[in-house]
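Right, one structure below, let's go through it.
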Amino acid sequence: MKATTITLLGLAAILLFSAKSQMAHAQVDTIRVNDHRLNTAALKPGLRQYLVYFQNTKIPKMLRFWFWLRDTKIGQRNGEKVFATTQHWYGSDTISYRSGYSINRASDFAPVYHSEVINGKMGAYNWFADKVTGADSIATNTKKDFKLEFDKPCFNWNLDIETFEMLPLEAGKTFAINFYDAGFGKPTFVNYKVTGSEVLLTYNGQKIDCWKLFNESDNAGRHFTQTFWISKKAHEFLKEEDSFPGGYRYKVKMPAAAADISSRFQKP
């Protein structure tokens, strides 16, 4: 990676693996799978689309764009109600394309299965309360021999947006969430602090009151911050701003009128 350029996947990996949030003076609420503290009723099925763009401070006249699609459906797996979430990340070339598929229990959002295709390589995992293992039933799985055991259940970090929409957000609260990015590192408690609220102005002039959720981390002497805007009334993830050495990343939820571009390539 060149010093002046940070790719979408590169930044995502940095933010995932380097998050060591500063402990807040206020009481920290630990979000555990077994505690059922996520409001799963707040996660509404349907397609969510996001415009993601980068701003490099050394190249102020250029922006790099991506388009993310995240589609959550309610289904059944082994007689149990689950959320099934499909992701498509589109960029300016085929290398930047990424897809994912995740299954979570509807009762507590505990991960059951996760797969992703990055640079054409499949990684698929079966997820349990005490371990994650490579799914050996998928022939193309490059992670079929993977195994990691842990002492407590954890949440799927690839579904951070959906997790934030289910948090019991209130002024002054800080949440410690045990996240794990399947196939990499180990589960990590990451702190997210409600730093206040702000009214966002949408494309049609509508004003939406939002909670601001904040995370910061340090890695190898470099400081990173993330701020997320989640609407108070509908629990919608509407906006994100990330700051990192040399630039910024922005993520904005698109209106429902945005075309579902992935449906054009699906077979009937």
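The values are calculated or read from the model by the stated rules, or taken from the named source; none is laboratory data. Model, not experiment: these values are computed from the prediction. Glycine also receives a Cβ, built like all others from the backbone with ideal geometry; neighbour counts cover every protein chain displayed.
General remarks:
- Residue-level analysis places residue 149 among those that are closer than 24 Å to residue 36 by Cα, surrounded by fewer than 16 Cβ atoms within 10 Å (Cβ to Cβ), among the acidic types (Asp, Glu) and in contact with a strand residue (DSSP E or B) (Cβ under 7 Å, 6 or more places away or on another chain).
- Scanning the range 95-125 for residues that are surrounded by fewer than 18 Cβ atoms within 10 Å (Cβ to Cβ) and not aliphatic (A, V, I, L, M) gives 96, 97, 99, 101, 105, 107, 108, 119, 120, 121.
- For the range 90-115, taking the residues that are in a loop (DSSP other than H, G, I, E, B) and aromatic (Phe, Trp, Tyr), the one that is nearest to residue 39 (Cα to Cα) is identified as 109.
- Taking the range 33-50 as the range and being surrounded by fewer than 18 Cβ atoms within 10 Å (Cβ to Cβ) and not in a strand (DSSP E or B) as the test, the residues that pass are 34, 35, 36, 37, 39, 40, 41, 42, 44, 45.
- Test: residue 219 is closer than 21 Å to residue 245 by Cα and modelled with pLDDT of 95 or more: no
- Filtered residues of the range 149-174 (kept if in contact with a Lys or Arg (Cβ under 8 Å, 6 or more places away or on another chain), assigned to a strand (DSSP E or B) and within 23 Å of residue 102 (Cα to Cα)): 149
- Extreme residue, nearest to residue 87 (Cα to Cα), among residues of the range 215-257 that are loosely packed, with under 15 Cβ neighbours inside 10 Å and aliphatic (A, V, I, L, M): 256
- Contact map, the range 101-130: first residue more than 21 Å from residue 88 (Cα to Cα), second residue polar (S, T, N, Q) and part of a strand (DSSP E or B), Cβ cut-off under 7 Å, separation 6 or more or different chains; pairs are 110/104.
- Output for the range 238-254, where each listed residue is of a type outside the set (Lys, Arg) and under 13 Å from residue 202 (Cα atoms): 238, 252, 254
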